[in-house]
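I have a structure here, written as structure tokens, and I will follow up with some questions on it.
The values are calculated or read from the model by the stated rules, or taken from the named source; none is laboratory data. Bear in mind the structure is a predicted one, so any value in this text is a computation, not a measurement. Cβ coordinates were reconstructed from backbone atoms using ideal geometry, including for glycine residues, and neighbour counts include every protein chain displayed.
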Amino acid sequence: MSAIARRRERERAQRHQLIITAARELAEAEGWEAVTTRRLAEHVEYSQPVLYSHFNGKDAILRAVAIEGFGELAARLRRARLAAPEPSEAPSGAPSGALHAVCRAYLDFATERPALYQAMFVLPTDVKFAHAETPPPLRAAFDEFVSCFRSDNPRRELFAEVTWSALHGIAALADSGRIPPNGQTERLDFIVTQIAGTSSGPATR
């Protein structure tokens, strides 16, 4: 590849990322209803044809935002899991350290990045879950939950799936005001205690 071709490729990648970042910023500030190709073209100071050369519409932009979000979530969950105290270091009677830390990080992510969370888990996209075509960042995020359970537990993916589902329910209900936000800690402790207590114990690292 020539130097000119490499430069053009870098510039295209930068434009691509600029559009994704602009969509996220606009959604966080005004909601996804405000994110249109016209608004984005104005925001990034490119013509709409240039924007369409990267994405064929809002749905494609939403998909790209979601996949980027899964990557960020996976990294955050991994940091939380690895920073959790070993079972021998946890206070007596405390819920599973790694599982509790990962669940807490998930809920914090949903609270701190509501528009991004909507793109990932609420708004319609063609991102496939639990499928051969599931994007690697999504699988990586799910695997952080799986890693909280013992490798010899044949149902560890089921426990991870149920945990994730419960957390999503809490996040969605709290965001819509259907449950009070001040009960999150108690809900989280309950979920972790119940699931960890029936999962043959937490995983060791």
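Out of (1) closer than 30 Å to residue 190 by Cβ; (2) buried (at least 19 other Cβ atoms within 10 Å of the Cβ), the odd one out for residue 62 is which?
Status for residue 62: all satisfied but (1).
Something else: Looking only at the range 144-157, which residues are out of contact with any strand residue (DSSP E or B) (no Cβ under 9 Å at 6 or more places or on another chain) and without any contact (Cβ under 8 Å) to a residue 24 or more places away in the chain?
Within the range 144-157, 146, 154 qualify.
Quick one: how many residues across the range 11-48 are within 19 Å of residue 114 (Cβ to Cβ) and of a type in the set (Gly, Ala, Ser)?
Number of matching residues: 6.
I'd like the residue in the range 171-185 that is assigned to a helix (DSSP H, G or I) and among the hydrophobic types (A, V, I, L, M, F, W, C) and, out of all such residues, is surrounded by the most Cβ atoms within 10 Å (Cβ to Cβ).
171
Could you grab me the full set of residues in the range 31-52 that are outside any helix (DSSP H, G or I) and either among the aliphatic types (A, V, I, L, M) or assigned by TED's automatic domain parsing to the domain that holds residue 127 (or both)?
35
Moving on to the next point. Condition test on residue 109, is it modelled with pLDDT under 95, within 16 Å of the chain's Cα centre (by Cα) and not charged (D, E, K, R)? Before you say what the answer is, go through the steps one by one.
Details: modelled with pLDDT under 95: no; within 16 Å of the chain's Cα centre (by Cα): yes; not charged (D, E, K, R): yes.
When the stated conditions are applied, residue 109 does not pass them.
Residue 150 versus (1) modelled with pLDDT under 90; (2) surrounded by fewer than 19 Cβ atoms within 10 Å (Cβ to Cβ); (3) within 11 Å of residue 103 (Cβ to Cβ): which is the lone unmet condition?
Condition not satisfied by residue 150: (3).
Is there any pair linking a residue in the range 52-81 that is more than 12 Å from residue 19 (Cα to Cα) to one that is at pLDDT below 95 and among the acidic types (Asp, Glu), with Cβ under 9 Å and at least six apart or on different chains, and which?
Partner pairs satisfying both residue conditions: 59/126; 63/126.
Table: residues versus (1) of a type outside the set (S, T, N, Q); (2) surrounded by 13 or more Cβ atoms within 10 Å (Cβ to Cβ); (3) more than 15 Å from the chain's Cα centre (by Cα).
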position: 45; (1), (2), (3): yes, no, yes
position: 66; (1), (2), (3): yes, yes, no
position: 69; (1), (2), (3): yes, yes, no
position: 75; (1), (2), (3): yes, yes, no
position: 96; (1), (2), (3): no, yes, yes
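For residue 15, state whether it is surrounded by 14 or more Cβ atoms within 10 Å (Cβ to Cβ), part of a helix (DSSP H, G or I), free of Cβ contacts under 8 Å to residues at least 60 places away in the same chain and assigned by TED's automatic domain parsing to the domain that holds residue 192.
no
Could you check residue 91 against (1) in the same structural domain as residue 22 (by TED's automatic domain parsing); (2) at negative phi; (3) modelled with pLDDT under 90 and say which number it fails?
Looking at each condition in turn, residue 91 falls short on (1).
Which condition breaks for residue 28 when tested against (1) surrounded by 19 or more Cβ atoms within 10 Å (Cβ to Cβ); (2) outside the structural domain of residue 136 (by TED's automatic domain parsing); (3) closer than 24 Å to residue 169 by Cα?
Residue 28 satisfies all of (1) surrounded by 19 or more Cβ atoms within 10 Å (Cβ to Cβ); (2) outside the structural domain of residue 136 (by TED's automatic domain parsing); (3) closer than 24 Å to residue 169 by Cα except (1).
Condition check: out of contact with any Cys (no Cβ under 6 Å at 6 or more places or on another chain) and at pLDDT below 95. Does residue 143 satisfy that?
Judged against the criteria, residue 143 is not a match.
If you go through the range 2-10 one residue at a time, do you hit one that is within 17 Å of residue 115 (Cα to Cα), outside the structural domain of residue 115 (by TED's automatic domain parsing) and assigned to a helix (DSSP H, G or I)?
So far as the range 2-10 goes, no, none of its residues is within 17 Å of residue 115 (Cα to Cα), outside the structural domain of residue 115 (by TED's automatic domain parsing) and assigned to a helix (DSSP H, G or I).
If you don't mind, there's one more thing I want to ask. Give the range 101-147 a look and list any residue that's under 21 Å from residue 64 (Cβ atoms), surrounded by 15 or more Cβ atoms within 10 Å (Cβ to Cβ) and charged (D, E, K, R), or say none.
113, 139
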